[in-house]
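First the structure, in the form of structure tokens, and then the observations on it.
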Amino acid sequence: MASTTLRTHRCGALSRADVGSKVRLGGWIHRRRDLGGIVFLDLRDRDGLVQLACNPLWTPAAALTLAASVGVESVVLVEGEVTLRDEPGRDPKLASREVEVRVSRLRMVGAAATPAIPVARREGEELAAEELRLQYRVLDLRRPELQANLIMRHHLLQRARRTLSDLGFLEIETPILTKPTPEGARDFLVPSRVHPGECYALPQSPQIYKQLLMMSGFDRYFQIARCFRDEDLRADRQPEFTQIDLEASFVAEADVLAVVEAVLRDQWAEAGHLVAVPFPHLTHREAMERFGIDKPDLRFGLEITDLSDRVGPGAAPFVHDALPRNGRLRGIVAEDTALSRKEIDSLADAAKSAGAGGLLWARFEDAGWEGQGVKAFGPELLAQTVVPSGAMLLAVVGADAMTSPALHAVRTRLAQRPGIIFPGRHAFAWIVDFPLFEQDQSTGEWVFTHHPFTSPHPDDIEFLETEPWRCRALHYDAVYNGNELGSGSIRITDPVIQATVFRFLGISAEEQRNRFGFLLDALASGAPPHGGFALGFDRIAMLLAGASSLRDVIAFPKTTAARALFEGAPITVSAKDLAALHLRTLGKETG
RNA sequence: GGGGCUGUAGCUCAGCUUGGUUAGAGUGCCGCACUGUCACUGCGGAGGUCGCGGGUUCGAGCCCCGUCAGCCCCGCCA
């Protein structure tokens, strides 16, 4: 497959089996070792490295001269014979380390300027600054680590297509130029030249289109969909990203989950990991109660417990004061942890930066409870708390909205201690029964937790008109080792329920028509029950590649300021180009 | 929108605590030597707007203010 007019093999593909054969290779000079009379070159391509041996015994003088002067990262074409090496190369990962190519012809085809950032690093040498890696992305992408990441990404994509196609899903593309959506994330807008003052938006997800496809009878749809959101970035968030997007008709929640489990099981298998299905289920309420977060890391315990009803008269006044005001005393028992004072401070910092006023702690020793929190907890609580010697009680008092994130932060920090998380564990879980609506912390307004097409839980329909905040949703998240991999839901197909949801959210009938008229009409034209899911593919690739940033599994990523350093986007456009789009800029100071 | 960290040779970093002679190291690059290396080795050499702008000072890589860029986090991400 690697054979072309110019070459017979890839460098890294050569092995013992090729000994004795004449080969032609093309690749990049990775390193040069010039010993005077003889020269060794490491030649690299996407399969790996092979050593080229240039020796006057078999290499013509001109080729030897070139070998002695060729710069690293230059592209050469080589002819020679594969021979067994007396001593194999030292890199045990290289399949080609047992052989070398005795060079009989060498031709420079792509001379390289001295690389601005190193491709071949010395042992233990740090990577160049990420800014430079992104600026010289062509060089950075030559590094074997990034080559491996993108090759794995390819295999994962092909596997996702195969899994879903085998399950009867049809890959259907949806538009990139779409209609702006006023809620949700900020849209990237594309001004129309033909229609002055009007804009398209790039899709935040193919959500509505895939539902329309269900109304059209396509039954099972999927797409490897590029999505765009104009929000501030993180290590695990890019302005454009890839989802494995799917939707199916005549399904209930369990059907969608089974499909997604198959996709995830196969993705992990593609990366060499066997994972068991089905995944355990956890309700949203339970996840928040036991782990303080809706994407708990289930690789370890350290669960949160409610200590409120153990609080006795001897507890500190501020604990008593907090309890009647919707507050609870919640904590984590950490067993057998000889935490230093510094580590405890670090846990307290974690709790504080998550919004807690402070972290209460007490340690149980042979002599009894000791620590800063003993007085706060009071004797009654401590007497009822039976723990092994050396264990520690870490707690926070207040409203759940504060204690949950604080204790999640403490739990996560505790798990960084060695021995808490066994490496190689794959803790998948479904989080189900999310609330349909949640209250905006700053404005107090009710907003949808997921999106307004998510179906209420059938058991809670009765509350929709009277106590909508009690409604659970047929919404589910896939969680892996504390990461959200994706989410989905069963959609509303009853126009009456859809109108009720819109009304509760304060969207008028007129607004409903303007924004979602096409969807409402489609629902009224014969809608099958349907639901679906979207998996964050970049994040999956990142986790399976063992990368710490999305940028290491995307060929040309943006910076945290959403700039493309390699090609230099975005740029200021000319007044003429703006005029063609009927636009004028306000300038930086007023913008 | 807010907070934190970083910015010194092509690259990775030291120097800043306590302002003071000519800003150092490793690597890469260039030159010379070297016939079995694999992070080749040895010798020599070149290479610096100390991110940018302003200020304090007799004097600023170092102190102060601003600004730009990258990274991390909060807000945000239906």
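The values are calculated or read from the model by the stated rules, or taken from the named source; none is laboratory data. These figures come from a predicted structure and were not determined experimentally. In this analysis, Cβ positions are derived from the backbone assuming ideal geometry, glycine residues included, and neighbour counts consider all displayed protein chains.
Here is how the numbers come out for the structure above:
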quantity: Filter result for A:Trp430 (in contact with a strand residue (DSSP E or B) (Cβ under 6 Å, 6 or more places away or on another chain), over 25 Å from A:Asp321 (Cα atoms) and modelled with pLDDT under 90); calculated: no
quantity: Of the criteria (1) touching a helix residue (DSSP H, G or I) at 6+ places or on another chain (Cβ under 9 Å); (2) of a type outside the set (Phe, Trp, Tyr); (3) under 30 Å from A:Pro280 (Cβ atoms), which one A:Ile554 fails; calculated: (3)
quantity: Residues located in region A:95-116, provided they are within 8 Å of RNA strand B (Cβ to nearest atom) and exposed (fewer than 15 other Cβ atoms within 10 Å of the Cβ); calculated: A:Thr114, A:Ala116
quantity: Of all residues making up region A:50-65, the number that are within 43 Å of the chain's Cα centre (by Cα) and near RNA strand B (Cβ under 9 Å from one of its atoms); calculated: 1
quantity: Test result for A:Ser549, of a type in the set (S, T, N, Q), touching a residue at least 12 places away in the same chain (Cβ under 8 Å) and within 30 Å of A:Leu474 (Cβ to Cβ); calculated: no
quantity: Hits in region A:337-355 (condition: small (Gly, Ala, Ser) and either in contact (Cβ under 8 Å) with a residue 24 or more places away in the chain or touching a His at 6+ places or on another chain (Cβ under 9 Å) (or both)); calculated: A:Ala338, A:Ser346, A:Ala350, A:Ala351, A:Ser353, A:Ala354, A:Gly355
quantity: Residue within region A:339-346 that is of a type in the set (Asp, Glu), out of contact with any strand residue (DSSP E or B) (no Cβ under 8 Å at 6 or more places or on another chain) and at pLDDT below 85 present; calculated: yes
quantity: Tabulated pairs, region A:233-246, first among the hydrophobic types (A, V, I, L, M, F, W, C), second surrounded by 15 or more Cβ atoms within 10 Å (Cβ to Cβ) and not in a loop (DSSP other than H, G, I, E, B), C-beta under 6 angstrom, 6+ apart or interchain; calculated: A:Phe241/A:Cys227; A:Phe241/A:Asp538; A:Ile244/A:Ala160; A:Ile244/A:Leu535; A:Ile244/A:Phe537; A:Leu246/A:Phe222; A:Leu246/A:Gly532; A:Leu246/A:Phe533
quantity: Single unsatisfied condition, A:Leu43 versus (1) at pLDDT 95 or above; (2) away from RNA strand B (no atom under 13 Å from the Cβ); (3) of a type outside the set (Phe, Trp, Tyr); calculated: (2)
quantity: One residue from A:Gly184, A:Gly168, A:Gly217 being assigned to a loop (DSSP other than H, G, I, E, B), more than 24 Å from A:Pro528 (Cα to Cα) and out of contact with any helix residue (DSSP H, G or I) (no Cβ under 8 Å at 6 or more places or on another chain); calculated: A:Gly184
quantity: Matching entry among A:Arg10, A:Arg33, A:Arg24 (being surrounded by fewer than 17 Cβ atoms within 10 Å (Cβ to Cβ) and basic (Lys, Arg)); calculated: A:Arg33
quantity: Of residues in region A:220-242 being among the hydrophobic types (A, V, I, L, M, F, W, C) and in a loop (DSSP other than H, G, I, E, B), the one modelled with the highest pLDDT; calculated: A:Leu233
quantity: Pair list, Cβ under 9 Å, 6 or more apart: region A:117-129 residue touching a residue at least 60 places away in the same chain (Cβ under 8 Å) and more than 6 Å from RNA strand B (Cβ to nearest atom), other residue among the hydrophobic types (A, V, I, L, M, F, W, C) and in a loop (DSSP other than H, G, I, E, B); calculated: A:Val119/A:Val72; A:Ala120/A:Val72
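Rundown of residues vs (1) under 27 Å from A:Arg234 (Cα atoms); (2) part of a loop (DSSP other than H, G, I, E, B); (3) within 14 Å of RNA strand B (Cβ to nearest atom), yes/no style:
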site: A:Gly486; (1), (2), (3): yes, no, yes
site: A:Ser489; (1), (2), (3): yes, no, yes
site: A:Phe502; (1), (2), (3): no, no, yes
site: A:Arg513; (1), (2), (3): no, no, no
site: A:Ala527; (1), (2), (3): no, yes, no
site: A:Asp538; (1), (2), (3): yes, no, yes
site: A:Ala547; (1), (2), (3): yes, yes, yes
site: A:Ala555; (1), (2), (3): yes, yes, no
site: A:Phe566; (1), (2), (3): yes, yes, yes
